[in-house]
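Asker: Sharing a structure below in structure tokens format, with a few things to ask.
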């Protein structure tokens with residue numbers, strides 16, 4: 001894009017881009033949540049081991065780490081549209097591989113496919129950055145929230161379709177637990193098409209063009225030549241890393257813990273659906289809170305909410321679906337606070353020219369944290385039980401508070 005951009009293009013393009021991103025996120029949310037609901041159960045069934053039930057989460061998040069780098073670099077070089085579309089396409093391929101692995105009963109193929117499936121997870125999360133590319137600094141958190149909240153519909157519907165897709169899979173001669181991955185593959189494929197066809201103009205490329213023209217036009221209000229704020233990048237990364245680690249660890253083992261107490265896939269699917277809804281549905285309110293009261297205030301709140309989630313999960317009786325639902329609702333809300341604030345901090349701290357590459361690198365750290373949480377969760381539960389995992393995760397989340405205090409002392413720009 002080298003020609004002059006008419007006045008008003010930014011706001012018009014932002015509305016169109018958010019509409020397209022919302023449509024893609026609804027679809028990808030179904031793909032993401034469907035796999036979350038049964039991934040651990042499928043591995044437990046194939047491996048006959050509770051201690052390794054967290055391995056699918058670890059493998060898929062490891063794949064999402066690699067995908068985060070790839071999507072970030074493609075977006076940096078060619079724009080958000082090809083980067084996001086490629087990530088969702090990989091998620092669709094991985095979903096098909098999981099179904100094939102379940103059919104042949106091959107654990108190695110299962111984990112290879114889950115590794116590729118993780119690309120969909122990484123892309124679903126990176127799409128939030130596309131919503132902020134054209135947003136004004138005072139509206140960035142709300143733009144991020146708009147993209148995140150779109151995941152709610154698919155995220156809530158996906159797990160609740162686990163019994164239906166399981167029955168469909170069984171009718172087709174496919175193992176019951178592979179059914180949700182059929183839905184995941186279809187959803188990711190449709191999200192790929194939506195982005196590839198309709199995400200025009202590309203938000204990152206247009207933002208760069210508008211920024212270059214504004215810098216060269218003396219009639220425009222001058223913008224400061226911002227460099228990367230390392231303290232901002234570090235603070236935003238730590239908030240999201242701690243949030244992701246705790247959320248994935250507790251979320252991964254909750255369906256397994258419920259199954260051990262006699263609950264079926266319908267009950268665990270309901271709890272996961274409530275969790276996914278709490279991860280994304282509060283986003284508009286969270287975005288407003290972040291823009292109104294500051295990044296660091298809401299980041300501290302994330303740590304406190306995650307602590308509450310860990311306490312409720314730890315004390316919940318095994319037969320109480322309601323208390324598990326409350327615990328995972330709090331877990332999702334704490335994650336939402338952390339991700340929205342962390343994303344806003346990162347976006348504030350990095351200039352446009354380096355933003356996509358830096359965001360991809362940051363999301364690698366988030367993915368690694370999620371992988372560590374998923375991998376260790378099964379081991380902790382096997383060795384010490386689910387309550388210890390839950391309360392330990394909640395206590396770990398409190399580390400966000402000293403991060404916030406240290407950042408406040410460094411006077412992070414744009415903290416609100």
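Each value in this text was obtained by applying a stated rule to the coordinates, not by laboratory testing. Keep in mind that what you see is a predicted model, and the values were worked out from it rather than measured. FYI the Cβ positions are ideal-geometry reconstructions off the backbone, even for glycines, and counts take in every protein chain you see.
Asker: If you compute P(r) over Cα pairs in 20 Å bins from 0, in percent for the structure shown, which of [x] 30, 57, 12, 0; [y] 21, 51, 14, 6, 6, 3, 0; [z] 24, 55, 19, 1 do you land on?
Answerer: Entry [x].
Asker: Against the longest alpha carbon principal axis of the chain, how many degrees, from 0 to 90 and to the nearest 10, is the axis of helix 140-160 turned?
Answerer: It is inclined by approximately 20 degrees.
Asker: Return the single residue from 103, 116, 364 with maximal mean-square fluctuation; model: Gaussian network over the chain, springs between Cα atoms under 10 Å.
Answerer: Ranking 103, 116, 364 by mean-square fluctuation puts 103 first.
Asker: What distance in nm separates the simple spin-label points at residue 164 and residue 103, each placed 7 Å from Cα in the Cβ direction?
Answerer: Placing both labels 7 Å beyond Cα along the Cβ direction yields 2.3 nm.
Asker: Take 28, 268 and order them by how many other Cβ atoms sit within 10 Å, fewest up front. Intermediate values should be presented prior to the final figure.
Answerer: Details: 28 35, 268 24.
The most exposed by this proxy come first: 268, 28.
Asker: Enter the Cα centre distance for the pair segment 156-183 and segment 281-359, rounded to the nearest angstrom.
Answerer: When both Cα centres are located, 30 Å separates them.
Asker: Gap in Å between the Cα centre of segment 75-145 and the Cα centre of segment 227-274?
Answerer: What the calculation gives is 17 Å, centre to centre.
Asker: What ranking do 340, 26, 144 get, fewest neighbouring Cβ atoms within 10 angstrom at the top?
Answerer: Values: 340 31, 26 20, 144 28.
Neighbour counts put them in this order, fewest first: 26, 144, 340.
Asker: Follow-up question, since we're still on this one. Report the residue, chosen from 308, 212, 24, that carries the largest GNM mean-square fluctuation when the chain is represented by alpha-carbon nodes joined by springs under 10 Å.
Answerer: Maximum among the listed residues: 212.
Asker: If you don't mind, another one. Which one, 326, 248, 149, has the greatest fluctuation when you compute a Gaussian network model over the chain with C-alpha springs under 10 angstrom?
Answerer: Result for the chain, Cα springs under 10 Å: 326 fluctuates most.
Asker: What is the order of 231, 64, fewest Cβ neighbours within 10 Å to most? It would help to have the intermediate numbers written out before the result.
Answerer: Working: 231 16, 64 30.
The order, fewest Cβ neighbours first, is 231, 64.
Asker: Which value at 222 nm does the chain reach when only helices count, each DSSP H run of 4 or more adding -39,500 (n - 2.57), with the total divided by all residues and rounded to the nearest 500 deg cm²/dmol? Write out the running numbers ahead of the final one.
Answerer: Working: 16 runs with 342 residues, N = 416.
It comes out at -28500 deg cm²/dmol, rounded to the nearest 500.
Asker: Also: Round to the nearest 10 and give me the degree value, 0 to 90, for the angle of helix 265-280's Cα axis relative to the longest principal axis of the chain.
Answerer: 10
Asker: Could I ask something else about it? Could you work out how far helix 107-132 tilts from the main Cα principal axis of the chain, as a 0 to 90 degree angle to the nearest 10?
Answerer: 30
Asker: With contacts defined as alpha carbon pairs under 8 Å and 6 or more residues apart, what's the relative contact order of the chain in percent?
Answerer: Details: 890 pairs, mean separation 109.7, N = 416.
Here the relative contact order equals 26 percent.
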